[in-house]
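Below you'll find the structure, written out as structure tokens, and then a few comments.
The values are calculated or read from the model by the stated rules, or taken from the named source; none is laboratory data. Since the model is a prediction, treat every value here as computed from it, not as a measurement. Cβ placement follows ideal geometry from the backbone for every residue including glycine, while neighbour counts extend to all protein chains displayed. Accessible surface is based on the protein model in full, side chains and every heavy atom, while ligands, DNA and RNA are left aside. Shrake-Rupley method; radii C 1.70, N 1.55, O 1.52, S 1.80 Å.
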Amino acid sequence: MHYQGNIIRPPSEANSIILQATVGCSHNRCTFCGAYRAPEQKFHIKDERIINEDIAFAAQYCRRQKTVFLADGDALIIPQKRLLQLCQQIRAALPWVRRISLYANCRDILKRTRQELAELKQAGVGRVYMGLESGCEQVLEAIRKGATANEMIEAGRRVREAGIFLSVTCLLGIGGNTYSRQHAQDSAALLNKMQPSQIAVLTLMLLDNTELGQAAAAGSFHLPDQVGLFQELRTLLAGLKEFRCQFQANHASNYFTLDGRLPKDRDSFLAIIDQALAGAVALKPEGLRGL
Ligand code: SF4
């Protein structure tokens, strides 16, 4: 496979065929994200010939993998006609594949009509991963996410209405000490309106090659301490209403793992968080945390 730069995929795509259809992220402005800063990851849609060669490779060597993940950071930027063709190509060459997934940013979802999203679903796109990070307007603006809270809600609803599984990320600590509580409360309120299929909670890791990492080093951004981060998680979870979704805080960046379904597992998750707040949960050592 022709991989260029770091290949990043959601934890639940660990067993997928990773087909890199784009390089980097067309937005690439979020202040906390260092994923695609290297010059060789300058955003572009990959050459059709290279993608075709990778599909042919997968047809020969990836016969046991049942899902395809289209990398990198927002493959939904591929124009609709080309993306539909690509999905059709994948399904023709890899008939055993039962789902195609991709990262999508809010802006690219909103450029699609409901009809266009339904066409993608029909063509095999069964899962969309959208980076929400926060439901707090001030935080979204500060981190230059490129979307407002209302736009996030609308984008999420559109994906869901097309029958596509929607996974959204929420990032503990992204509001810093200043917005910590509001970030958690507003994120819960937004998620209640959006009702995604899956909520994936990560914990902010400050990277030297990002604006936020540099702000923290300069003393102008303060990441909440562990207690503050666990309180954010508790406020977020307690604020979610009774809609059904998967809830996962099992990313490498998190200090401990929660992985289950809501509302069924809410009370046991809250009990675990309370134990963590009381210092009674074994936490992942700092050196083992990662992105
Ligand atoms: S967080 Fe997502 S949208 Fe923002 S720069 Fe990184 S890859 Fe792009």
When ligands, DNA and RNA are left out and all protein chains stay put, how many square angstrom of accessible area per residue does the chain have with a 1.4 Å probe? 45 Å²
How large is ³J(HN,Hα) for each residue in region 112-125, as worked out from phi by the Karplus curve 6.51 cos²θ - 1.76 cosθ + 1.60 (θ = phi - 60°), to whole Hz, x for Gly and Pro? 8, 7, 4, 4, 5, 5, 5, 5, 5, 4, 4, 7, x, 6
Using the Karplus equation 6.51 cos²θ - 1.76 cosθ + 1.60 (θ = phi - 60°), what ³J(HN,Hα) coupling, rounded to whole Hz, does each residue of region 212-228 give in order, writing x for Gly and Pro? 5, x, 6, 5, 5, 5, 7, x, 9, 9, 10, 6, x, 6, 4, 4, x
Which far-off residues, 5 or more places away or on another chain, put their amide H under 5 Å from the one on Asp74, with H placed in the peptide plane? Ser26
Given springs between every Cα pair under 10 Å in a Gaussian network model of the chain, which of Gln198, Gln60, Gln246 has the largest fluctuation? Gln60
The alpha-carbon center of region 241-291 and that of region 95-149 are separated, in whole Å, by 25 Å
The alpha-carbon center of region 150-192 and that of region 1-44 are separated, in whole Å, by 22 Å
If you place +1 on the Cβ of every Lys and Arg, -1 on the Cβ of every Asp and Glu, and leave all else neutral, what size is the dipole of region 1-133 about its Cα centre, to the nearest 20 Debye? 380 debye
Please give me the summed charge of the neighbours of Asn192: other residues whose Cβ is under 11 Å from its Cβ, Lys and Arg +1, Asp and Glu -1. 0
Non-local amide H neighbours of Arg261 (under 5 Å, H modeled in plane, Pro and chain starts lacking H): which ones? Phe247
What list of ³J(HN,Hα) couplings, whole Hz, do you get for region 236-241 from phi and the Karplus terms 6.51, -1.76, 1.60, once you set θ to phi - 60° and write x for glycine and proline? 4, 5, 5, x, 6, 7
Could the peptides 215-225, 13-23 be put in order, highest first, of the mean number of other beta-carbon atoms found within 10 Å of their residues? 13-23, 215-225
With respect to the cross-link table entries Lys111/Lys241; Lys81/Lys111; Lys145/Lys284; Lys111/Lys193; Lys193/Lys264, which display a Cα-Cα separation exceeding 22 Å? Lys111/Lys241; Lys145/Lys284
Carbon and sulfur: what percent of region 142-291's accessible surface (1.4 Å probe)? 49 percent
Net charge of neighbours whose Cβ lies under 11 Å from the Cβ of Gly124, counting Lys and Arg as +1 and Asp and Glu as -1: +4
Skipping prolines and chain starts, which residues have an amide H placed within reach, meaning under 5 Å, of the one on Arg99, given they are 5 or more residues away or on another chain? Val68
